Structure formats: C-alpha cells, structure tokens
C-alpha cells in the first residue's frame, strides 16, 4: 500500500468518526444509544469496511443494550453517512465495544491500591 493511500484511509476514517458521532448525537432516536461515544474507526485499505469503536459510560447490561441499539441502527447510520461523504462506496459499518476506558480505569484502581499499601507500611 502506498503512503498516499494510507493517508487517505486515515483521513476518511477520521471523517467517518466525526460524522457517525454527529449522526448518533443528533439523529438517532433509540434510547439505548444515548450515552455512546465514538472513540475510533479502523477502515480497511479499500475503504469498504469500517470498524467503529464505541464506549459507554454505563457498564454491564447497558453496554450490551447500546451495542444492540447500534446494530439495529446500522442501516440508518450508513445511509446518513452515504449522504454526507463523497465516496464511491459507503463502507459497511461494524460497531465494536471499546474497552480501553474500562481498562484504563482498572489500571488506575490498581495504582491507587498500591499507593494505599505503601502509605500503610510507612
């Protein structure tokens, strides 16, 4: 893959991230999608498939409900995206849970517990 096509895929992925976030915030009516943030988009080199990573501040069952709502709304979101982007083909959208927020929070908890153990030893 040439360097220029890589940059194009990166630019298109960033545009998709912004547009999908806007569509979900302004146009999606499903209450399950309410507290969802689009964190990243991985786009295939041929621009045909976009894997959209989302995170939710709500945990547990609410995360699963949000993903269910997103999978129901994928056709609507793809149609809106097709109207907004000037691409020959609108990519197929795949919504995925982004666990980096939860992972980061767990690391913070572990570090805090280490600091508490050090303080109790002193």
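The values are calculated or read from the model by the stated rules, or taken from the named source; none is laboratory data. All figures in this text were calculated on a predicted structure; none of them were measured in a lab. Virtual Cβ from ideal backbone geometry, glycine too; neighbours counted across all protein chains shown.
If the requirement is being without any contact (Cβ under 8 Å) to a residue 40 or more places away in the chain, surrounded by 14 or more Cβ atoms within 10 Å (Cβ to Cβ) and not in a helix (DSSP H, G or I), which of these qualifies: 74, 41, 54?
Result: 41 is the single residue among 74, 41, 54 that is without any contact (Cβ under 8 Å) to a residue 40 or more places away in the chain, surrounded by 14 or more Cβ atoms within 10 Å (Cβ to Cβ) and not in a helix (DSSP H, G or I).
Quick check on this structure: which one of 47, 24, 87, 81 is part of a helix (DSSP H, G or I) and modelled with pLDDT under 95?
From the options 47, 24, 87, 81, the qualifying one is 24.
What do you reckon, is residue 101 at pLDDT below 85 and under 27 Å from residue 9 (Cα atoms)? Spell out the reasoning first.
Working: at pLDDT below 85: yes; under 27 Å from residue 9 (Cα atoms): yes.
Judged against the criteria, residue 101 is a match.
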